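See structure below.
Every number in this text was worked out from the coordinates using simple rules, so none of it is lab data. Values in this document were obtained by computation on a predicted structure and should not be read as measured data. Note that each Cβ is placed from the backbone with ideal geometry, even for glycine, and that neighbours are counted across all protein chains shown.
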Amino acid sequence: MRFSHRPSIFRRLVVAVLLLTLTLVLLPGSATRTLWVGPFTGAAPWGRKQGASRHPIDALIQTAENGAAAKLSKSTKTLAAAAAAYRTRRGRHPPPGFDKWYEFSTERDVIIVEDFWDQIYHDLEPFWGVQPAQIRKDARDFDMRLRIRDGKASTSSDWFWTKIWLNMTQTIEHLLPDMDIALNPMDEPRVMVPWEEMDVYMNKAASTRRIVDVGSVVSSFSRPPSSQDAPQEEHKSMPPAQWEHDKHYWLIARRGCPPDSPARQAQVITDFDKPPSIASPFSPNLTHMKDGYVANYTLSTDYCHQPDLQALEGFFVEPISVSATKSLIPVFGGSKLSRNNDILLPAPMYWSEEERFFGAEGASIPWASKHKQPSAIWRGVATGGRNRATNWRAFQRHRFVAMNNATLVAHHQQEAQPAPPNFALPDSRYPPPVLHPSDLANATDVAFTEMACVYKGFSPSCNYTAAYFAPAQGVPMAAQFQHRYLPDVDGNSFSGRYLGFLRSTSVPVKATLFREWHDARLVAWRHFVPMDARFGDWWGILGYFAALGGGGGGGEETRRDKVGEGIAMAGREWAGRVLRKEDMAVYVLRLLLEYGRVIDERREVLGWVGDLR
């Protein structure tokens, strides 16, 4: 009998590894998929083939997926864990009522990640440098406000925004201490404290930040004195805030920047009746950009390193209305610039869920059923400020519509015009390097519905812009959701469409300088596509997602379409988890508990320590 020679253990292991590797390679999609990690974990169909050339957007998306997963991993599941995360991140005990806040949150299935409330502490921290009596007086003296007494919220104002905010506050009124909440009725933010003064407030605030010994903690709010029996120090407080109305808002805005910042150092532009100077997306001065695309969304909304924006945003040139103050007073509103000192609430239209902002009936259209051409749509009014014959070239919406006008782009390409009226032609470094106006015409449907002319008798057109813009019919929000990409551009302030876009099955392409309550919850390139305020990356974004100018092709074009679908679905699912009305109520409850502590005379020893006793 012959015995066959058995292979060694080493050789058997090598063979097993080779067979396993071969099996994995031959499995469908095994080498072409990456893991989608986020609120809903699973295999995503938009991974890049190994060895293929890498587009800059691919790297940004991968970084965003990792960042979203890291943020979600911080979620807490118990009251004690939430309190511990609070102390670690805030350097104080949680405020009184924190246990009730946690109960209110968990009853509404809210994801609790301490980072989600960062905006609250950014907004309220400087007020720790102001005397509580002063804050209370400033709020009580404000002409539009909510009043909370004995667990009931009320207002004497009939302004529709105030009524909506009242309705929102009434969902949490029973959990709040007595307070007055000053409300901003304007689109534009109100408070802009000079950087030098803000630095003093922040240093004072830092000196109060400490973990108080448990035995010294007071766990209930004081009842603030009424205006009739206010303590004597309230009558000796600072004089009332002075309101300024300078129509050149850049002069107001830049004082919030550090003295050595480009915004403070750059020459102030006063002539807007000529083509503006627009920095390239590849400019090394734009530190929020990488390879021509927005890599740091938060930094992209800070104008202090971007002085050219003073001639590229209507808000900086001439807002519709201006009523600003240098005084640090507690004014609550729906949006603000990065350097404004207003306190953010969810915007009224988000709470009321108006149909014109949400278009709910079209928000669930399947991706495959949406138009491929044109894949991007935008309709809007020529807002952004008060546009005139001498300044419209500096307005952001005028620029965005002009650069999507295929005829105008073709004219400037063919005639080699040295300076288009208000936009710059694409940078040749984008892949693909050539912009074809015919592709632009097929890819986008962008137009004004009303030119908001400063002269009467020219609606919907305007005499001084008629050579460049022809107003088109409006498209209801529900119908806009039939398109895959929805650019979102600031108007007089923030865009009220944003939450509706996020809740839809389309991709929001967001360009803004305004901050909102939810910013810390969203991850750029994961839940939406960020766009620079100059829009110089818009053609590159279209080139990647919509194959403008021959971007992609064949299988690569299909992969990028899947990438777009992945962002749309991730944004929609995430908005359905963290941007609900329930999440807004939880945010405002946390905000007002913190505000209640800031205005309390015993604020430095106020806290919740139920988990430590």
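Grab the eigenvalues of the alpha-carbon gyration tensor for the stretch 339-380, scale each by 5, take roots, and send me the semi-axes largest first in whole angstrom. Could you put the intermediate results ahead of the total?
Working: eigenvalues 179, 45, 18 Å².
Rounded to whole Å, the semi-axes are 30, 15, 9.
Kindly provide the helix-only [θ] at 222 nm of the chain, computed as the sum of -39,500 (n - 2.57) over DSSP H runs of four or more divided by all residues, to the nearest 500 deg cm²/dmol?
On the way: 23 runs with 212 residues, N = 613.
Calculated mean residue ellipticity at 222 nm is -10000 deg cm²/dmol.
One compactness figure for the stretch 354-579 is 0.99, namely its Cα radius of gyration divided by 2.2 N^0.38 Å. A crude spin-label estimate for the pair D260 and R108, with each label 7 Å from Cα along the Cβ direction, gives 4.4 nm. Couplings 3J(HN,Hα) of the stretch 66-83, computed from phi: 5, x, 5, 5, 5, 5, 5, 5, 8, 4, 10, 10, 9, 4, 4, 5, 5, 5 Hz, in residue order, whole Hz [Karplus 6.51 cos²θ - 1.76 cosθ + 1.60, θ = phi - 60°; x for Gly and Pro]. Summarising the amide proton neighbourhood of L337: residues at separation of 5 or more, or on other chains, whose placed amide H is nearer than 5 Å comprise R515. In this structure, the amide hydrogen of V331, modeled 1.01 Å from its nitrogen in the peptide plane, lies closer than 5 angstrom to those of I343, counting only residues at least 5 positions away or on a different chain. Sequentially through the stretch 508-522, phi angles give Karplus couplings (6.51, -1.76, 1.60; θ = phi - 60°) of x, 10, 9, 10, 7, 10, 9, 9, 9, 4, 9, 4, 5, 8, 9 Hz, Gly and Pro residues having no value and appearing as x.
Pairwise inverse Cα distances across the stretch 98-160, averaged and inverted, put the Kirkwood hydrodynamic radius at 14.9 Å. An ellipsoid equivalent to the chain, defined through the eigenvalues of its Cα gyration tensor, has semi-axes of 43, 36, 21 Å when rounded to whole angstrom and sorted largest first.
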